[in-house]
Each structure stands twice: as structure tokens, then as C-alpha cells.
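Peer 1: Have a look at this one before I ask anything.
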Amino acid sequence: GIEHDTNRQILIGKKIDILIPSVNIGVEFDGIKWHTEFFGKKNRNYHLGKTVLCNEKGYGLIHIFEDEYVNKKYIVLHKLKHILGKDFDLPKIAGRKIEVKEIYSNDAKEFLDKFHIQGFYKSTVYIGGFYQDKLVAVMALKNGNVTNNGWELTRFATDYHYIYQGAASKMFTYFVRKRSE
């Protein structure tokens, strides 16, 4: 139900696989073989360059890599639906209704492998968001190293069956407050 087209005018000869003019979004489907430096003759900045060019023309560009689509199709489609504003049928849960606490890495792993497109990433701290005693969101943060002495947000994901308004903010605020105690 979304009007779309293929376009070569915006990027002056470079193709945008799917252009959705109503929301100024382009979608690129990047095959694993032909979007590499070796087979596809793409330099290492090819995808970033195309994204920057789109941004300069007032368009966002979403890259979907073949392996992401094959291995995590439901997550990819859900994210597209959300970006395009077509997830209005999902129940909304306010962040104030979510209980936040630290969780174990094995719980974070199970959740992130299911709901994050890149899966689990070993981190230092895992924050869980719970709604009615069910884990519905995970935030993972990693402590710095020799070159970076700060904290890095490595993963954030929510259960894609709902829209959580304010969950990320509430979880991050919890993290900051706990670190300053």
C-alpha cells in the first residue's frame, strides 16, 4: 500500500532500488556478492557515499543486506514498517509502565538474538525493561578500553510485537543514575 519506484535521477545515474517519495526514503537491497570490493568492485566507502548523497538531496537511505534479510527477515520488515509509519496496528506501551533493572548476559543474549538484527554483543552491562514481568527491551553498554575511557551503547532492542514509547530513555536514565551512585 505504499507508492514506490526505482530512481536514477536523484543520485545522477546511481540507482536507488526502491524510492518512496511520500516519506523521502530510499531502500537499497545490497546483495552479499555484488556489493563487495572484490566481486562488485565497490570501494569501502561506496554505501556510505551513496547514503550521504541521498541525505544531501533530502532523502534518507536504508541499506538492507542480503544476509540480514535472509536470516532476520521479520526484523527487517518490522523496522521498515516502523520507519514508514505503517506499524499503527501495534499496541503502544508507555515507558512509565516499564520496570527497569540490570539483567544477566544469558538473558540479554537470548533476547538480542531474537530481536536485534545483529544479535548479541558481549558487553559490560545489560539493562532489561520489563512490562508485566516480561522482558520486552534490552540495552547493552560496554565500558571503555585503553583508547576510549567512556561507555558505548552496543545494542538496544525491543520486542517487535509492541511499540514502546520512552523505553530507551527510561533505561538509559536508569543506567546513568546507577553509574553515578
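Peer 1: Does the range 54-122 come out rounded, prolate or oblate by the C-alpha gyration tensor, with a ≥ b ≥ c the root eigenvalues, rounded set by a/c under 1.5 and, if not, prolate when a/b is larger than b/c and oblate if not? If you can, show how the numbers build up before the last one.
Peer 2: On the way: a/c = 2.03, a/b = 1.35, b/c = 1.51.
Because a/c hits 1.5 or more and a/b fails to exceed b/c, the range 54-122 counts as oblate.
Peer 1: Contact order normalised by length for the range 47-149, with contacts defined as Cα pairs under 8 Å and 6 or more residues apart; what percent is it? Intermediate values should be presented prior to the final figure.
Peer 2: Details: 90 pairs, mean separation 18.9, N = 103.
Reported relative contact order: 18 percent.
Peer 1: Further, regarding this structure: Which order do the peptides 105-114, 48-57 take when ranked by the mean count of other beta-carbon atoms within 10 Å per residue, highest first?
Peer 2: Working: 105-114: 17.0, 48-57: 14.8.
Going from most to least packed, we get 105-114, 48-57.
Peer 1: Another question, then. Taking only the alpha-carbon positions of the range 64-173 and ignoring solvent, what does the Debye formula give for the base-10 log of I(q)/I(0) at q = 0.14, 0.15, 0.19, 0.22 Å⁻¹?
Peer 2: With no solvent term, the Cα-only Debye profile gives -0.59, -0.67, -1.02, -1.24.
Peer 1: Roughly how many whole Å is it from the C-alpha centroid of the range 140-181 to that of the range 64-115?
Peer 2: Each part reduced to its Cα centre gives a spacing of 15 Å.
Peer 1: Now, a different point. Can you give the accessible area of T147, probe radius 1.4 Å, in Å² rounded to 10?
Peer 2: 130 Å²
Peer 1: Under a 1.4 Å probe, what is the accessible area of the range 25-181 per residue, stated in Å²?
Peer 2: Working: 9720 Å² over 157 residues.
Averaged over the residues of the range 25-181, the accessible area is 62 Å².
Peer 1: Report the gain in length on full extension from Y69 to Y121: 0.36 nm times residue separation, minus Cα-Cα distance, nm rounded to one decimal. Don't jump to the answer; show the numbers that get you there.
Peer 2: Numbers: separation 52, 0.36 × 52 = 18.72 nm, distance 1.95 nm.
The span from Y69 to Y121 would gain 16.8 nm if fully extended.
Peer 1: Please compute the contact order of the chain in relative form: average sequence separation of alpha-carbon pairs under 8 Å and at least six residues apart, divided by the residue count, as a percent.
Peer 2: The value is 15 percent.
Peer 1: Next up: If you line up the Cα atoms of the range 1-138 on their principal axes, what length do they span on each, largest first, in Å?
Peer 2: That works out to 52, 35, 25 Å along the principal axes.
Peer 1: Further question: Filter K50/K170; K15/K109; K81/K101; K57/K79 down to the pairs with a C-alpha to C-alpha distance above 32 Å, please. Intermediate values should be presented prior to the final figure.
Peer 2: Values: K50/K170 34 Å; K15/K109 37 Å; K81/K101 29 Å; K57/K79 23 Å.
Too far apart for the 32 Å limit: K50/K170; K15/K109.
The values are calculated or read from the model by the stated rules, or taken from the named source; none is laboratory data. The structure displayed is predicted, hence computed values, not measured ones. Cβ coordinates were reconstructed from backbone atoms using ideal geometry, including for glycine residues, and neighbour counts include every protein chain displayed. Each accessible area value is taken on the protein alone, full model and side chains, heavy atoms only, with ligands, DNA and RNA left out. Shrake-Rupley method; radii C 1.70, N 1.55, O 1.52, S 1.80 Å.
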